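Reading through the structure tokens given below for one structure.
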Amino acid sequence: MAPITRRSQSLRTSAPVLAERLGHREESWEHLNTNGISNDTMASNRGQRTASLNGHDAEDDQLHPLRHLADRVGSQVDDFAKRVDVWYNQAINDKKNGGSELDTYNRVLSLVDEFKTISDNTVQRLSKKHRFDHEKSQKAALHEKIKGLEDSATHGINSRGELGVVQSATSTSTSVQDLTQWQAEADTWDLFRTLLDFHRHPTESKTAKEKRDRLQQLSALHQYTPPGEIWERYILESDNARERNLILRWLEKTADRTESDISSIVDQLESQSGKGKGLWQMGWLDTREKIKAQKRMRPWNSSRGTDELLLRSSTNSNNIVTQLDPDAPSRQKKSLERADEYHEKAIWLTCWEMLRRGKSIKEIHEWFEEQTEGWRALSMGMSFPQQDLHMCVSDIKSGGLWRRICLAAAEASTNQYEKAVYGLLSGDISTVEPVCRTWDDYLFVRLNSLLLSEFDHYLQERFPQRIPSSLKRKFGLTDAIQIHGERSVANRNVIQFVDRTVKSKDGAINPIKVIQGSLIAGTFEEFARKLGIALAKKANAGEIKSKLIQDCEEPVDEEYMSIAHDYDALRMVAHILIIYMGLGMRIDGPNSYLYENVLVGYIDYLRLSGKIEVYPTYAALLPVTRCYSTIARVLPDIRATHEQRRQIRLLKMLGLHPIPILFAQCSFIFHESDFKLLPNAKSYLRHLSLLEPTAQKIWPQSRLREDLERGLLDTPLSPSELGVVRAAGWFMLIPGEFEETFLILSTVLQNLLVKGRISAARALCEKVPFKDISLVKTPNVLGRAIHIMEDAHEDDEEEVYEPRRSTRSGSRRPSPLRRPSTTDQQNEKLLIRRLQEIARPYYDLQQLVNAIEALNEWNKVERETIAKRNEAVKNPEESRKRQDKSRLKRAFEHVQSAMEPLFRDFLTHAEDLWQKDIFNKIKCAYLPELILAFDSVIHSSAQFLGRDQLLIAMDLATAIADEENAPLADCFVESKRMGELVAAFAENSLAMLEYNEGEEQRRGPKKKRGWAGQTIGIWNLGVSN
């Protein structure tokens, strides 16, 4: 898969393609009516067959099984495609005009911003629509957290519910799930943009310059450098630290956006405590009152200490503290009254939530002051509100020392949220993970630990004398660098640790979290490859294998299979891959098709959901071969003619040539069908079956089959036959392309005929009749629309014209003059002859089908006439009525005109020896049966239209005996049917003799002759002619 390139040299329009695609729709293009006399009697059947060919059949119910999913997504799929389409046009123009790397980057970044805007707008819309359900879901999640304050049960991980939203009975509404899904997607686009801006921004960009300028402004490090400045320099100097800091800030923002706000948490905690708002701020009220009551009841000697005194809780048998200093519970290893225990846990829970959401030190300090718990802010090192959250002290030495003190406090505490707060400040992992509930929480804890560990190493390198080695040995810190590896691979290892932790407790990971993890770890390329494998396995898992994606033998994890089934996640991955491609990401080599599978998988989703208007935009991003083959596989789903015309126009606007795509479509169908041409003579049709034996003298021992239409011409089409007929119909919609169109049409029709697929051949000729194609294709070649095989002959005749007659008296009318020929006319004649050579095979093959159709029509009219005659014999009144022979006469004339082309230079214009052999097989299989059927029609027509009809049989025998028609006679010889032909002619001669003798007995000799002097009277043995 290469970066964005132009597909062809054709000019692209500057207007967005999808504006056209999603705008107005055209009216359907109507086929011209060129079927002659048979239109009256075949219009109804043809209408039914055409409706089926145009796609209004039972298959439509199975074409778009995911349409309900597309309806749920709504217009967002179209919005994404519009943005990609506009960007693709701009990228092509930039490449053509020599745009800079910065221009390319800015356009890509704008595209990501537009993707995020789509997601944000969707979140806003869904938030308004489902606000109450969402709030209810958030309250349920918060209730689960608060419930954990009352018992010590282990909290489950919520990796499927986005950011801690509990998937309970109160929040399983699809609408709420959609809201959380889109919020997670908006967060992902935010993360992606942040990382792109960090990793992909051009080196000499504004961001890089600002970094250099800021480092120059900072003074050199010395022992009096402010800690905040040391932290800032550390972040600026270390790209890894700056990246992790950005990710931590992103995690804080997502938590603040998606979870309940702090005020809601406090309100619910106050409500749950049962004390009310005022008493909530009174500290350990119940424990204090218990201690005071004991002091009043008995002497209290404080001089000897109170740690050994035993004071029972009012609600259980636990001993409670006897002093009220903050560290009394840990020092005395005693508890508080139950209400005060809840108060203590609630305070630390709120503190944890504020730290997790990235609240500033000032906000946290002020909140503690409001709760009359200001000492807690001081214990957390928040005496300087202007400091960064990760720097809780004012001294460089205390930076390392303070984190060691926090770690000791975390390990000594029995309150899990107090542990988590101090553990987070120290950069610990084990004391914080027990309160983690989501994938984001686990990631936040480990990245925070890694960042602080790296900063601790930075301080030791720059100020080794500030932290004594003895202190470091005695009070160690969690070294996340040893846990997660070197800086270059630390992020990847962090993601692996988090994934394993979540899987061990929840069993699965939300697909969007897997995507986010690949972006953070820098492994998106590997992720896309594995997803391509999963898509291949998913597409070929059933009995019916995919036509778009080939199977793959490589193993893949189950989490990638879950992403392959998540179409929202697939959409995100496809668009992220497009962004990377726009930035020059090259995916070459033998595994390139796996990456392409991601885009093809999304295209398949668009196909299944009925979004046929937008998929060409994504197909155009694929390499040419995969692009054409993918579109060719999707085209059969587009049935309506106006949709097909619009699809062709869109392909051209994208720089894609429709003809190779349409060729590929037909090629795929042929390859998968059972009527593809193979070097196996047994698979070819031996001879056409139109006749059945009969003993009635009205026919020469055989007549047209009674089930001719039902059993031959109108049999149900197989899926392959229906597909190839529809595929051929696409060529009708492309102006020009004369040679390519007739090449594929003749190939399709000859394959159908040589395999004996008469019904499919008939359907093809009805869908793309020769005259209609000629009228559509010739304007682009000749500048006018003509029937290339009929109108051209008229043009060859000498044209005459009359000059204006003079009004003067006595003037004589001049003789006609020939119109003078010009060089242009001569060139046009040569061009027309060339076009006739190209179109002749399809024209001849269609004449063959027309002859079968005409015989079928005669068969129906003949049988109706015989039925009426038989009825008239039974009904004397009907027998006296004059029978109308006009239908029979028209039907016979239709047969005669349809058979006539088969006797003149028929199927002699083969392109090569292979096609010549195919044509010979067709002639040997069809012509003998057609001629014998024609003879049967002539023979029976004499009964209805008069005995002179048999004169045509004489012409038929003469034509076959003509040396110019030697190939026709050879067909009878090769098919071993010459004996049948001779027998049929003998029957004709006998019929002539019988008709002549019978007529003479009734009316006497008749001298009427045909146009060439022929007469049936020559068969009268007793009369001189």
**Report entry** Residue list for region 952-984, filter: over 17 Å from Phe903 (Cα atoms), over 55 Å from the mean Cα position of the chain (by Cα), of a type outside the set (D, E, K, R) and surrounded by 18 or more Cβ atoms within 10 Å (Cβ to Cβ)
**Finding:** Ala984
**Report entry** Filtered residue count, region 488-502, keeping only those that are surrounded by fewer than 20 Cβ atoms within 10 Å (Cβ to Cβ) and within 15 Å of Asp557 (Cβ to Cβ)
**Finding:** 2
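Here is a yes/no grid of residues against (1) surrounded by 16 or more Cβ atoms within 10 Å (Cβ to Cβ); (2) farther than 13 Å from Met354 by Cα; (3) out of contact with any Leu (no Cβ under 7 Å at 6 or more places or on another chain); (4) at pLDDT 70 or above:
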| residue | (1), (2), (3), (4) |
| --- | --- |
| Thr258 | yes, yes, no, yes |
| Ser263 | no, no, yes, no |
| Ser273 | yes, yes, yes, no |
| Lys290 | yes, yes, no, yes |
Requested in this report: Residues being under 18 Å from Arg726 (Cβ atoms), crowded, with 19+ Cβ neighbours inside 10 Å and in contact with a Lys or Arg (Cβ under 8 Å, 6 or more places away or on another chain): count how many of those fall in region 618-638.
Outcome: 3
Report task. From (1) under 30 Å from Gln181 (Cβ atoms); (2) buried (at least 16 other Cβ atoms within 10 Å of the Cβ); (3) among the charged types (D, E, K, R); (4) in contact (Cβ under 8 Å) with a residue 60 or more places away in the chain, pick out the condition that doesn't hold for Lys505. Result -> (2)
Report summary line: The correct count of residues that are in contact with a Phe, Trp or Tyr (Cβ under 8 Å, 6 or more places away or on another chain) and crowded, with 19+ Cβ neighbours inside 10 Å in region 233-247 is 3
Query raised in the report: Of all the residues that make up region 717-735, how many are closer than 29 Å to Ile832 by Cβ and open to solvent by 10 Å² or more (accessible area, probe 1.4 Å)?
Result: 2
**Report entry** Selected residue (only one of Ser360, Ser335 is farther than 16 Å from Val266 by Cα, at pLDDT 80 or above, among the polar types (S, T, N, Q) and open to solvent by 30 Å² or more (accessible area, probe 1.4 Å))
**Finding:** Ser360
Query raised in the report: How many residues are out of contact with any helix residue (DSSP H, G or I) (no Cβ under 7 Å at 6 or more places or on another chain) and in contact (Cβ under 8 Å) with a residue 24 or more places away in the chain when one looks only at region 775-791?
Result: 4
Requested in this report: Would you mind listing the helices (runs of 4 or more DSSP H) fully within region 492-595 where at least 1 residues are under 30 Å from Leu102 (Cα atoms)?
Outcome: 511-521, 524-539, 567-582
Query - Out of Asp568, Asp588, sole residue that is out of contact with any helix residue (DSSP H, G or I) (no Cβ under 7 Å at 6 or more places or on another chain) and open to solvent by 10 Å² or more (accessible area, probe 1.4 Å) - result: Asp588
Query raised in the report: Can you name every residue in region 411-461 that is of a type in the set (Asp, Glu), part of a helix (DSSP H, G or I), free of Cβ contacts under 8 Å to residues at least 60 places away in the same chain and within 20 Å of Arg357 (Cβ to Cβ)?
Result: none
Report summary line: Counted residues in region 608-656 being assigned to a loop (DSSP other than H, G, I, E, B) and of a type outside the set (D, E, K, R) come to 13
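The values are calculated or read from the model by the stated rules, or taken from the named source; none is laboratory data. For clarity, every value in this text was computed on a predicted model and none was experimentally measured. Every residue, glycine among them, receives a Cβ derived from its backbone with ideal geometry; neighbour counts consider all protein chains shown. To get the accessible areas, we keep the full protein, side chains included, count just its heavy atoms, and leave off ligands, DNA and RNA. Shrake-Rupley method; radii C 1.70, N 1.55, O 1.52, S 1.80 Å.
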